[in-house]
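Q: Got a structure for you, written out below as structure tokens; questions coming shortly.
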Amino acid sequence: MRPALATGLLALAFGAAAALFDVEQLWVPGIALAVLAAGTSAWIVLGARGLQVQRTLGARRVMEDEPVCILLEVRAGRLALPPARLVDPLLPEAPVLRAGARGGRVRIEARFGRRGQRRLALPRVVVSDPFGLATREVSAQPSPGEDEILVLPRIEPITPAARGGDAARIARRGRPVVGAEVELDGIRPLRDGTPASRIFWPAVARGADPQERFLAASGEGRPLVVLDPRGAAGEEQLDAAVRAAASLAHALATTGGCAVLLPGDRRPTELAETLAGWARVHARLALVGPAAAPALAGVAQRRGAIVFVSAQLRSRLPPALAPSPGATRMLVVPGTLASRHAAFAVAGCSGYILGGRGNGTIPRSGRTLGGRA
């Protein structure tokens, strides 16, 4: 309201000069300026009274780079809207609302490139007269949960390496490059929607009832994805490791189930083939920081394969996960390791299959799982 106040003071100065020097011509601009200042101030104050701004989120959770619809709605009070602009940090520029209307709507399609909890600033309406003499701002009322969006890490495909080795052999068979290394524990009748990679083809060849291979109900036989976020060279490497862990866990869960060990947990979280519990794990992955460490005590005794995802570019597994004879171990790191051939790639990370009789180092090209040429 400062411009209106300055205009009122100028009108007062004209009136004082007209009375002091008996110059009747000064009364006209003085009265005009006074009416202009008072009229615009009253118009803007009354127009902003009762005005409401409401924001509606299309989703509270969204994956990285996926669009989310945000609706901003403005409702006028007793009077129609004076000239106004809707201001929101997600808008490239403030749109002008139609003067004289009873309200207005603005739809925003926002995308968030990085995971984490995003707290959105409150939108506001700036009401101003055409001369800019009087201005009022009306902000949306804060509401618990209405100004926060949880951005989840992306689920990206797992692709085999371009050069030979286990990945090329698995790719020729048409099987998932990670799931192919997971040992299945039994046979059961074929269910609808079962991937072709788990159909028990010998039964089909014999003309028997179709059957499928499955993991044992015990969580010890399921593959385990372990995430270690420590030692990342930067935020990009940490985010890549989190995306890789999310992608691997999702892929293994949908092909028979798996377990996930997140930083700070003492026991792994089991994920069934139906993806029960996946929403909670996915949300926790969105909030993983660089400091916490996974609890590896007792993990090495699991019968299933272990996929260790590290945010640090390392060439060896932790001593607690050193592969024993016949055990499957995989190391996933951001980028690639020099002079090593990766078995698969996911989310900007490379995966290396470790030999069963090694000491935790990555086998060079020309060797396959378990040290067999």
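Each reported figure results from applying straightforward, stated rules to the coordinates on display, with no laboratory input. This structure is a prediction, so every number in the text was calculated from the model and none was measured. Note that each Cβ is placed from the backbone with ideal geometry, even for glycine, and that neighbours are counted across all protein chains shown.
Q: Report the calculated FRET efficiency for Phe131 and Arg49 (r = Cβ-Cβ distance, R0 = 30 Å), to the nearest 0.05.
A: 0.90
Q: When the Cα centres of region 279-340 and region 14-28 are compared, how far apart do they sit, in Å?
A: Cα centres, region 279-340 to region 14-28: 86 Å.
Q: Could you tell me which of rounded, prolate or oblate describes region 1-147, using a ≥ b ≥ c as the square roots of the eigenvalues of the alpha-carbon gyration tensor, with rounded for a/c under 1.5 and, failing that, prolate when a/b is larger than b/c and oblate otherwise?
A: Details: a/c = 3.94, a/b = 3.16, b/c = 1.25.
Cα axes put region 1-147 in the prolate bin.
Q: Tell me which GluC sites (Glu not before Pro) from region 89-142 have a DSSP coil assignment and no more than 11 other beta carbons within 10 Å of their own.
A: Glu93
Q: To continue, here is another question. Kindly work out what percent of the DSSP beta bridges joining two residues of region 205-346 are antiparallel, to the nearest 5.
A: 20 percent
Q: Oh, and also: How high is the FRET efficiency from Ala94 to Glu66, r the C-beta distance, R0 25 Å, rounded to 0.05?
A: Step by step, r from the Cβ atoms, then E = 0.45.
Q: Given the options Leu133, Leu71, Ala101, identify the residue whose Cα lies farthest towards the positive end of the charge dipole of region 52-152 (+1 on Cβ of Lys, Arg; -1 on Cβ of Asp, Glu).
A: Going by the Cα projections, it comes out as Ala101.
Q: Bin width 10 Å, origin at 0, all Cα-Cα pairs of region 48-112: what percent of pairs per bin?
A: Per 10 Å bin, starting at 0, the Cα pair percentages come out as 20, 46, 24, 9, 0.
Q: Using the Kirkwood radius built from alpha carbon pairs, what does the Stokes-Einstein equation give as D for region 261-347 at 25 °C and 0.890 mPa s, in µm² per second? Please report the intermediate quantities before stating the final value.
A: Details: Rh = 14.8 Å.
Taking Rh from Cα pairs, D becomes 166 µm²/s.
Q: How far apart, in nanometres, would the label points at Val35 and Ala121 be if each is projected 7 angstrom from Cα along the Cα-to-Cβ direction?
A: 4.0 nm
Q: Can you sort Asp129, Asp228 by how many other beta carbons sit within 10 Å, fewest first?
A: Fewest-to-most ranking of Asp129, Asp228: Asp129, Asp228.
Q: With bins 5 Å wide starting at 0, give me the P(r) of region 2-48 over every alpha carbon pair, in whole percents.
A: 5, 26, 25, 19, 12, 8, 3, 2, 0
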